[in-house]
Amino acid sequence: MKIVLVFPPFFLPSLYNLPPLGLLSLATVLREAGHEVAVIDLVLAIRRKLLPLGNTIYRDATEMILREDPDLVGFSVQCTTFPAVVRITELLKKKKPDLRIVLGGHDVSFADQRTLDRFPWIDAVIRGEGEITFRELAAAYAKERDASGIAGVSWRNGNTVVRNEDRDLIALLDDLPIPDYSFVPTLETYRAACDIPRSIAILEVGRGCPHQCVYCSESIMWHRRTRTFSVSRIIGEMHQLRDSFGAECFLLAYDQFTANRRFVEDFCTSALAEGLNNTPWYCISRLDSMDPPLLRLMREAGCESMCYGIDSGSKRTLAFIRKQIDETILFQRVRETTDEGMVPTLSFIIGFPEEQREDIDKTLSLALKTGIQGNSNPLLQLPTVLAGTELHRRFGDRLVREADTYFSLGLEFDNGHRFEEDSLLIESEPLLFSSFYNLPCPGMSLAELNGIATFFPLIVNLYPKSFLLLSLAVAESPSRLFIRFLADVQSAEGSASSHLTPAECRNYLPMFIEKSLREARISTWEHIIDIIQYENMFLDVGEPSLGKKTATADLCCLDEHLPLREESTVVCNFNWNIADIVCDLKNGVYRDHYEKEASVIVALRTEAGIELSEINDFGRDLLQLSNGSTPLEEIAGILYERYGEGMDTTVFMAECRTALAQLVEMGTIVPSAELQDQQ
């Protein structure tokens, strides 16, 4: 039997796509069962311009599938792609009436009856885990039989929809064959098409979740059970993906990766022993299962980043969604993660149907506090109403369409807009296409929530310290402050709608903070101005420098050459001891007053990140005078007038050489072109 498995069309320029692992697993199982199988990734086809955007995209996709002359076509359905699947399958059935069409995935697993009732050209829905069910269904179709008695299938028997019994989960995941990546183009093809720096392979580590969060269908899909592949199986697959398919990075797919400490330790130890630690990987983690020794082991084994699901800073909201997060552990884990050189993605959700503004503000404050801890990647979303979840069951009658959120974007195929037919389809079945809908929130309007979810992460990344202190200083909630700031940017830019870019943050937020402090007429919190300058320094030093010189200096000949400050170096003077204030902020201490204590900080961008050092006034002036055209002897003469009173000039010159050597060692001064030529 010729089977084609299709990853539906989707396009969002800000995202990259990876090979569809679920379909690769199905394809491998079906080929082992004797079928001829092809996998078509329509997302990749769009990026490679093999499937043009525009009003013929669904017709073109249909023709692309039919060129394979399939007997059976299977589609993976998730959130945004559902309308596209409906449109393409209808065209397929019209073109080839005897073609069998099967859907699978989270969305249709919990909306199987309604899907089959509403769209008569779809023959069957595979619910839940698909490998065994699809193999049995394909075998039945190959023998011209129907789906009677095949567990896990909902199917059409004439005008009647039959829902067979549920299928038990696969007992041992290792019984499944390793997904064959040769069904799709090379990882390098994906890398080039998505313009990302490395070839990324997604690798399934386990399945399931024991928790019962109201917004998540994961635990329901997997019967609140968890299973993992064996460590030896995972390590073997990593070797294959790296050595045979060119993987330069792994995304380990499993929500509960760190739930079992012994499993993580065995995996990391094996990765180190097998020499896989030089190929970085990303995982999903739990805050309460981590500690410094485990983080250190994971980092040594190649872990580069991980995702922590924080959700909310409000205890009331956490109780509503049935999740417990200890705020103290949160700050500690974020800091420990960044201290080990890993970048955590922190996921927050705002706008649940029972949230008040104060609940949302607690989440925004929490996000700011995590931003203070170090380099992290904040992700702020509105709740997505997924079929099968408690949100869907309890609040499905309150769905409204107002804001396009993270899980409703990607179908804008008509010059950046959705086709009218797609919009009409979505509007016709709110409970089927619920990911395109919102739930009203009593605390704030959906427009405000969407603006915060879209743009507030910039504040968390760029100005968490300043913005949090401003909120405390003027006694105004983060949400109200941010909405006022967006309005200021919109007015200054003369824009018709809210928007925010990193450059606009840099241009307008410092002015907004200073204006807000003036209007509040407060006599304390003066050090906020220094904090703004401190955070500006990170942005300034982050600007790429041109023609960076990397040669090291010959310290024995320094005074014969022309000291030159490294282009990415930024020097800032502060009226307060900025290091002490930042330390307080990281420890959750927010004082309204500090005694003035001048300090000088030099920031330098290196391969490892941005490095900060405190220097004295003498070092600052020496650094600023190192312009690449002034000899050290002349610089020393200038500095002697400021700092050399009562000193022998020879001794002072020696002090200058020593200070210059230290600045070169720090990387803030590079040798002149003459010295590089000699080297």
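The values are calculated or read from the model by the stated rules, or taken from the named source; none is laboratory data. Quantities reported herein were computed from a predicted structural model and do not represent experimental measurements. Cβ atoms come from the backbone with ideal geometry, glycine included; neighbour counts cover every protein chain shown. Ligands, DNA and RNA are excluded from the accessible area calculation, which covers all protein heavy atoms including side chains. Shrake-Rupley method; radii C 1.70, N 1.55, O 1.52, S 1.80 Å.
Quick one: which residues, 5 or more positions from Gln381 or on another chain, have an amide H under 5 Å from its amide H? H modelled 1.01 Å from N in the peptide plane, none for Pro or chain starts.
Amide H neighbours of Gln381, under 5 Å, 5+ apart: Phe348, Ile349, Ile350.
Among 632-640, 378-386, how do they line up by average Cβ neighbours within 10 Å per residue, starting with the highest?
Details: 632-640: 16.8, 378-386: 21.8.
Put in order of decreasing packing, that is 378-386, 632-640.
Arranged from highest to lowest average of other beta-carbon atoms within 10 Å per residue, in what order do the peptides 276-286, 155-165 appear? Please list the in-between numbers first.
Working: 276-286: 19.2, 155-165: 13.5.
Result, highest mean first: 276-286, 155-165.
Let me check against my output: what whole-number percent is the relative contact order of the chain, with C-alpha pairs under 8 Å and at least 6 apart? Don't skip to the answer; put the middle values down first.
On the way: 1165 pairs, mean separation 62.8, N = 679.
It comes to 9 percent, rounded to a whole number.
If I model the chain as equal point scatterers sitting on the Cα atoms and use the Debye formula, what is log10 I(q)/I(0) at q = 0.05, 0.06 Å⁻¹?
So the normalised log intensities work out to -0.30, -0.43.
I want to verify the translational diffusion coefficient of the range 287-374 in µm²/s; compute it with Stokes-Einstein, Rh as the Kirkwood radius over Cα pairs, at 20 °C and 1.002 mPa s.
Numbers: Rh = 13.5 Å.
The estimated diffusion coefficient comes to 158 µm²/s.
Using +1 at the C-beta of Lys and Arg and -1 at the C-beta of Asp and Glu, which of Leu517, Ser626, Ile483 has the Cα lying farthest in the positive direction of the dipole of the chain?
Result: Ile483, furthest along the dipole toward the positive end.
Per DSSP H run of n ≥ 4, the term is -39500 (n - 2.57); total these for the chain, divide by its residue number, and report the mean residue ellipticity at 222 nm rounded to 500 deg cm²/dmol.
-13000 deg cm²/dmol
At a probe radius of 1.4 Å, what is the per-residue accessible area of Thr328, in Å² to the nearest 10?
In the full protein context, Thr328 sits at about 100 Å².
Per the Kirkwood treatment, what hydrodynamic radius in Å, one decimal, follows for the range 329-383 from the mean inverse distance over all distinct Cα pairs?
Details: mean 1/r = 0.0847 Å⁻¹.
For the range 329-383, inverting the mean 1/r across all distinct Cα pairs yields 11.8 Å.
Mind ranking 147-154, 306-313 by how tightly packed they are, going by the mean number of other C-beta atoms within 10 angstrom, highest first?
Numbers: 147-154: 18.8, 306-313: 22.1.
So the order, starting with the most tightly packed, is 306-313, 147-154.
Counting only protein heavy atoms and a 1.4 Å probe, tell me what percentage of the range 269-389's accessible area is made up of carbon and sulfur. The partial results should precede the final answer.
Numbers: 1980 of 4270 Å².
Whole-percent figure for carbon plus sulfur exposure: 46.
For the chain, what does the accessible surface come to per residue with a 1.4 Å probe? Please give it in Å². Before the final figure, lay out the partial values.
On the way: 29340 Å² over 679 residues.
Computed with neighbouring chains in place, this is 43 Å² per residue.
About the Cα centre, and with charges only on the beta carbon of Lys, Arg (+1) and Asp, Glu (-1), how big is the dipole of the range 316-392? Nearest 20 debye, please. Don't jump to the answer; show the numbers that get you there.
Values: 8 positive and 11 negative charges, 7 e Å.
Roughly 40 debye, rounded to the nearest 20.
Alpha carbons only, please: Rg and Dmax for the range 406-514, in angstrom.
Computed over the Cα atoms of the range 406-514, radius of gyration and Dmax are 17.1, 51 Å.
Need one number for the range 567-679: average projected area of the convex hull over its C-alpha atoms, nm².
Values: hull surface 37.3 nm².
The number I arrive at for the range 567-679 is 9.3 nm².
With charges set only on the Cβ (+1 for Lys and Arg, -1 for Asp and Glu), what does the dipole of the range 272-325 come to about its Cα centre, in debye to the nearest 20? Please report the intermediate quantities before stating the final value.
Values: 7 positive and 6 negative charges, 90 e Å.
Dipole about the Cα centre, nearest 20: 440 debye.
At 1.306 mPa s and 10 °C, plugging the Kirkwood radius over alpha-carbon pairs of the range 232-338 into Stokes-Einstein gives what diffusion coefficient in µm²/s?
Details: Rh = 14.9 Å.
Value of D from the Cα-based Kirkwood radius: 107 µm²/s.
Based on the Cα atoms of the range 72-225, what semi-axes does the equivalent ellipsoid have, where each is the square root of 5 times one gyration tensor eigenvalue, given in whole Å with the largest first? Intermediate values should be presented prior to the final figure.
Values: eigenvalues 142, 92, 57 Å².
Semi-axes, largest first: 27, 21, 17 Å.
Taking the alpha-carbon set of the range 1-149, what are its Rg and Dmax in Å?
14.4, 45
In Å and whole numbers, how far do the C-alpha atoms of the range 322-421 stretch along each principal axis, longest first?
50, 34, 25
Rounded to the nearest 20 Debye, what is the dipole magnitude of the range 203-249 about its Cα centre when Lys and Arg each give +1 and Asp and Glu each give -1 at the C-beta?
Details: 6 positive and 5 negative charges, 64 e Å.
The dipole of the range 203-249 has a size of about 300 debye.
Could you pull the Cα extents of the range 49-113 along its three principal axes, largest to smallest, in whole Å?
Extents along the principal axes: 31, 27, 16 Å.
Would you kindly work out the equivalent ellipsoid of the range 345-491 from its C-alpha gyration tensor and give its semi-axes, the square roots of five times the eigenvalues, largest first in whole Å?
Ellipsoid semi-axes (Å, largest first): 30, 17, 14.
What do the square roots of 5 times the Cα gyration tensor eigenvalues come to for the range 174-266, in whole Å, largest first, as semi-axes of the equivalent ellipsoid?
Three semi-axes, in Å: 27, 17, 12.
Given a 1.4 angstrom probe, I'd like the percentage of the accessible area of the range 92-171 that is carbon and sulfur, rounded to a whole number. Don't jump to the answer; show the numbers that get you there.
Working: 1560 of 3600 Å².
Reported share for carbon and sulfur atoms: 43 percent.
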